[in-house]
Each structure stands twice: as C-alpha cells, then as structure tokens.
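Data block below; observations after.
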Amino acid sequence: MKPESIAEQTLYNTVRLETLDGGSGTGFFFNFEIDGKSILMLVTNKHVVNNNPNETMRFELHLMGDDHGDSGENYLVTYQTQWLFHPTHDLCATFTKPLFDEVYRRTGKRVFCRINEENLICDEEHLKELDALESVLMVGYPRGLWDEIHNYPLFRKGFTASHPGYDFNERSIGVVDMACFPGSSGSPIFILDQNGYTDKKGTHYIGKSRFILLGVLFQGPTIGVNGDISVVDVPTQQRAIVQSRMMMNLGYYIKSYEFLAFKPMLKKFIDGE
C-alpha cells in the first residue's frame, strides 16, 4: 500500500509493543526538532515498559518497497534499548535511528513508517479554542489485537469527555469517552476531520482537513461490583483470574504538549553531556 489519506497514514504510525513477559501495549513514532535536527523517537507509557528504563521490547516493522510504499513485508525485532523517562508523567521514549540502520543493514530495505511531527501539537492556549465535545480517533492494539497479516493497528472512535482546553483534576490530563482495553496503553489520540468541520463558534470549514495529536492514553477508571470507582493504569496483560472490576469505557490521556519535556533531555544527548 501507498497510504493516501490521513487515516491510512496513521496505519503506519504505531507499533504493537510486546514485553518478554507477554505484556503488550502501543508505541508510536514522533519527530523532535532539536537545533534544526529531526530526532526520531518511539513513544509509549512507562508502565508499558514495566517502568524499566532498560526494558527489551519486541515489535514488527513495515519494510519499504521499490516504489517507496509498503512492501507488504514485516520484520520482527527484539530491541534492547534505553528509555528516556518523562520527569512527571507516564511517558517514555527511545531513539529509533540505530534500530532503523540495523534493519537496513540486515535486510537491505528501509523501514516504512509515518511520523507525527511537533506541528500536530496544540499548546494550552490553542487547546482552549477547541470545543468541549470533539470527535476523536485512537490508534492501537486493544487486548493485543491487530491485523497480523498486514501488521495494522485497530481504530477506535469516541469523543472528548472533558474539555480539551482544561485539565481534568490533574496537570495535563484529559478524558475521552471510548472503550479502552489492555493493550491500548500508549495509543495516540487524534482529532481527525478529513472532510470539513465546524468550530465552537459555529464557523464551517467545508472540505478542510484538521489533524491534531491530542495526547496519549495511559489510564482509565474502573468500577467494582459494589459500585466503587478507582483509577488504574490501562493494563498491558490479560490474566485468567476472576475479575471484580470492569472498565467504564472512559480513558485518561496525557496531553501532547507534555512531549516537549523530552527536548531538554534529547539536547543533552546530542551535545554529549
């Protein structure tokens, strides 16, 4: 495939991360701009990598064909790497250039992916320009499910459950109304309008596209059989045990402007400090 629409592009933005102990989650590619250089990283949650900065992960990468599209070939890697941990939130990231270079050395083919850029991030001021109720798209691997033949993720649609421009009880946290299951941790959440949209002032943008990286799923509230509610990290594993709690079809996400907290750490790496 040569992806054409924005939705098709997002099929190549994520990877299904699997730990050696059988847990699974979602990671996605993101470019950081540092001193005029693009630094490609793989981003996920700390708890997806078992809160271990040296966790080894397995995932499959698409390989590029002669036409510079998806060749249809997937390459399974086991990546032992160092994860940079966000100073305050459940986020981590690792460098992908060494991995991509090694895949090319072994296969003679480049990795085929699509990358989120910093211009997809809304700062706090611009988030307030969004409406309280926006349609959202989450891309990932709920319960570890994915298209195993084509190595594609699954799409989930929902809505913002809290106003994107205002924090939900904690700094940089928002809520979405959609089904969130084990394996969805680390999934990017987008606002995607491909055929026009209407802003909160009622202005219609006919035929105009809008693509915003709203944030990353990391937690969800659960409800017990006795009706009590608690908030837990979206788990990475399915376990054959009796469950007395269930998800509430709500998910908590970390707002994407928190990604920018990685930039001082990346600059130190580049400068050799």
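Each value in this text was obtained by applying a stated rule to the coordinates, not by laboratory testing. On a predicted model such as this, the values are computed, not experimentally measured, just so you know. Cβ atoms come from the backbone with ideal geometry, glycine included; neighbour counts cover every protein chain shown.
How far apart, in nm, are two points set 7 Å out from the Cα along the Cα-to-Cβ line at Lys201 and at Lys97?
Rounded to a tenth, the inter-label distance reads 4.2 nm.
Using only the alpha-carbon atoms of the chain, report the extent along each of the three principal axes, biggest first, to the nearest angstrom.
So the extents along the principal axes, rounded to whole Å, are 52, 50, 43.
If you plug each phi of region 108-123 into the Karplus form 6.51 cos²θ - 1.76 cosθ + 1.60 with θ = phi - 60°, what whole-Hz ³J(HN,Hα) values come out, in order, with x for Gly and Pro?
x, 10, 7, 6, 9, 8, 10, 10, 7, 10, 4, 5, 8, 8, 9, 6
Let me make sure I get this right: for region 40-176, a, b and c are the square roots of the gyration tensor eigenvalues over alpha carbons, sorted descending. Under 1.5 in a/c it's rounded, otherwise prolate if a/b > b/c, else oblate. Which is it?
Values: a/c = 2.09, a/b = 1.61, b/c = 1.29.
Taking the square roots of the gyration eigenvalues as a ≥ b ≥ c, region 40-176 is prolate.
For Tyr152, which sequence-distant residues (separation of 5 or more, or a different chain) have an amide H within less than 5 Å of its own amide H, given hydrogens modelled in the peptide plane?
Asp147
Using θ = phi - 60° and the Karplus form 6.51 cos²θ - 1.76 cosθ + 1.60, what ³J(HN,Hα) does each residue of region 77-93 get, whole Hz, x for Gly and Pro?
10, 10, 10, 9, 8, 9, 9, 7, 9, 4, x, 10, 10, 7, 9, 8, 8
For region 256-268, in order, what is each residue's ³J(HN,Hα) by Karplus, 6.51 cos²θ - 1.76 cosθ + 1.60 with θ = phi - 60°, in whole Hz (x at glycine and Pro)?
Using θ = phi - 60°, the values come out as 5, 5, 5, 4, 5, 5, 6, 4, x, 5, 5, 4, 4 Hz.
Between Ile270 and Arg143, with labels modelled 7 Å along Cα→Cβ, what's the label distance in nm to one decimal, could you check?
4.3
In the chain, once you exclude exposed trypsin sites (Lys or Arg not before Pro) (DSSP loop, at most 11 other Cβ within 10 angstrom), what's the longest stretch remaining? It would help to have the intermediate numbers written out before the result.
Working: sites that count: Arg171, Lys201, Lys208, Arg239.
Maximal segment without exposed cleavage sites: 1-170.
Along the charge dipole of the chain, pointing to its positive end and built from +1/-1 on Cβ of Lys, Arg, Asp and Glu, which listed residue (Ile191, Leu17, Ile254) has its Cα farthest out?
Leu17
Counting other Cβ atoms within 10 Å, keep those with at most 14, restrict to DSSP loop, and tell me which GluC sites (Glu not before Pro) in region 51-157 are left.
Numbers: sites: Glu55, Glu60, Glu73, Glu102, Glu117, Glu118, Glu124, Glu125, Glu129, Glu134, Glu148; in loops: Glu55, Glu117, Glu129, Glu134, Glu148.
In loop regions of region 51-157 (DSSP not H, G, I, E or B), the sparsely surrounded GluC sites (Glu not before Pro) are Glu117, Glu129, Glu148.
How far apart, in nanometres, would the label points at Glu118 and Leu20 be if each is projected 7 angstrom from Cα along the Cα-to-Cβ direction?
In this crude spin-label approximation the distance works out to 3.6 nm.
Among rounded, prolate and oblate, which fits region 46-110 when a ≥ b ≥ c are the square roots of the eigenvalues of its C-alpha gyration tensor, a/c under 1.5 means rounded, and a/b larger than b/c means prolate? If you can, show how the numbers build up before the last one.
Values: a/c = 2.66, a/b = 2.44, b/c = 1.09.
It is prolate, given that a/c is not under 1.5 and a/b is the larger ratio.
Under 5 Å between amide hydrogens, which residues at least 5 positions from Glu134 or on another chain qualify, with H placed 1.01 Å from N in the peptide plane?
Amide H to amide H, under 5 Å and 5 or more residues apart or across chains, Glu134 pairs with Thr160.
Viscosity 1.567 mPa s, temperature 4 °C: Stokes-Einstein D of region 100-188 from its Kirkwood Cα radius, in µm² per second? Could the numbers behind the result be given before it?
Values: Rh = 15.6 Å.
Using the Kirkwood radius from Cα pairs, D works out to 83 µm²/s.
Express in nm, to one decimal, how much length is gained between Phe159 and Lys2 on full extension, taking 0.36 nm for each residue of separation and deducting their alpha carbon distance. Write out the running numbers ahead of the final one.
Numbers: separation 157, 0.36 × 157 = 56.52 nm, distance 2.91 nm.
This chain segment gains 53.6 nm when fully extended.
What is the set of long-range amide H partners of Arg110 at a cut-off below 5 Å, with H atoms built 1.01 Å from backbone N?
Here Met64 satisfy the definition.
Sort region 1-82 into rounded, prolate or oblate with this rule: let a ≥ b ≥ c be the square roots of the eigenvalues of the Cα gyration tensor; rounded if a/c is under 1.5, and if a/c is not under 1.5, prolate when a/b is larger than b/c, oblate otherwise.
It is oblate, given that a/c is not under 1.5 and a/b is not larger than b/c.
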